[in-house]
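The values are calculated or read from the model by the stated rules, or taken from the named source; none is laboratory data. Computed from a predicted model, the values in this text were never measured in an experiment. Cβ: placed from backbone, ideal geometry, glycine included. Neighbour counts: every protein chain shown.
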Amino acid sequence: MKLIPVRKDLYEEYRLTVMFDCYKWDPQFLDHNTVARYALALTQEEHEELMGLTEALDRETRAAELFLNTHPKIARPLELPGSMRREIRSMGDYEPDKHIRLMRYDFHPVEEGGWAVSEVNSDVPGGFAEASLMPETVVRFLDGEGNYWYKDFGDILTDAIQEKTAAGGRIMLVHCTCYSDDRQVMQFLGDRLSERGFHVIYGAADHLRFRDRQAYSILDGNEGKIDAIVRFTPLEWLTEMKPKRWQGYFDTLTVSCNHPAAIYAQTKRFPLVWDALEKNGVSMSVWRALLPETVEVKDAAGKEDFIFKPAYGRVGEKIAIREACGEEEYQKILKDVRRHPKRYLAQKRFHSRPLPGGSGEKFHICLGSYTVNGKHAGYYARLSETPRIDSNAADLPVLIEGRNGHDR
């Protein structure tokens, strides 16, 4: 694994190309540029190892969520919101083969060698265009020669949707329509689906109504039955909508990516049910080998080298790593942990192995590895000067050494 620099004299052209040709409409977060000056290259051996680990984690995750979905008592330590607990009772006949299951597992190289996993983005993982178009683009701008290939995540996901949806069907891409960073994800996927002949509708979560467990659009000019839902609005946001028309998402028969069964693994409290799962024959051995020890906040008292993570945190927000936070932010997070301990988890810290850049810098890497319906589907990486990979991190295209082109 290594970082390959983009040529300095071509970087600005590369950044503009990413913005206008790769749906990267938000190339800046505050004062931070979020288009990395590097590509990440994996060896073929590293790719094969990661692919195997990702699919093994995915098998365990999907087996766990199926068991939890029919054994609600075992799911109690997840501390799901009350409104959500009421609705998951309607998911008892969830049939995963009728839906599209998309997940992204976040890997980090560690100092002692090998990998640690920080989480699974089980509900609404992003990075679609970055995992599809940026690898294709960056090879024209790299400093040095080499043979590289990549997996086109967008093609793989579009294939999966096409397999489950009637030809020419109506697909609602559900997202927070006021956010450009959400829309860029959906626009990329919508363009791919339109190329396949689907009727794509862009809408918010409350633009759907449900009758007889089927989804219907209420958008002017696009009223009527929907054949598939691709949801990019997180479940914990969805359930805060008023009036409560979101309940239909939980038991709909309309093809969904992702079905709300994703919530079991999305909460960072997921490890707290592993003992109970294994007592009932659901192995979590790969997860245990890769995810650092995770306990209730109270159980970390007096233990060294534990960090705190919010149960529903996204993009690295509110993770308490002292040297990655300003002191004011760090103390603010600790105060919130003390006030709301059930909203957080304590996790044994792993020590990320930074990779050298081209000018003496060192960067920490989060390598997101996708699955679609249980199969590996490509990569999305981010790069940071600190061990916490948050909104300040830069997007990093991922290449694999060995040949030219891309795979589905």
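Of all residues in segment 239-253, those being basic (Lys, Arg) and either not in a loop (DSSP other than H, G, I, E, B) or not assigned by TED's automatic domain parsing to the domain that holds ASP93 (or both) number 0. On the stretch given as segment 252-279, residues that are more than 16 Å from ASP123 (Cα to Cα) and among the charged types (D, E, K, R) total 3. Among the residues of segment 161-220, those identified as at pLDDT 95 or above, closer than 25 Å to ALA377 by Cβ and of a type in the set (Phe, Trp, Tyr) are PHE188, PHE198, TYR202.
Taking LYS342, is it outside any strand (DSSP E or B), in contact (Cβ under 8 Å) with a residue 60 or more places away in the chain and not small (Gly, Ala, Ser)? Here the answer is yes, as LYS342 does meet what is asked. Residues that are surrounded by fewer than 23 Cβ atoms within 10 Å (Cβ to Cβ) and out of contact with any Leu (no Cβ under 8 Å at 6 or more places or on another chain) within segment 100-118 comprise ARG101, VAL110, GLU111, GLU112, GLY113, GLY114, listed in sequence order.
Hey, does segment 369-379 have a residue that's of a type in the set (Phe, Trp, Tyr), outside the structural domain of GLU136 (by TED's automatic domain parsing) and touching a helix residue (DSSP H, G or I) at 6+ places or on another chain (Cβ under 6 Å)? No, there is no match, as no residue in segment 369-379 is of a type in the set (Phe, Trp, Tyr), outside the structural domain of GLU136 (by TED's automatic domain parsing) and touching a helix residue (DSSP H, G or I) at 6+ places or on another chain (Cβ under 6 Å). Scanning segment 1-44 for residues that are assigned to a strand (DSSP E or B) and buried (at least 18 other Cβ atoms within 10 Å of the Cβ) yields LEU3, ILE4, VAL6, VAL35, TYR38, ALA39, LEU40, ALA41, LEU42. Residues in segment 1-48 that are more than 15 Å from ALA381 (Cα to Cα), charged (D, E, K, R) and in contact (Cβ under 8 Å) with a residue 60 or more places away in the chain: ARG7, LYS8, GLU13, ASP21, ASP26.
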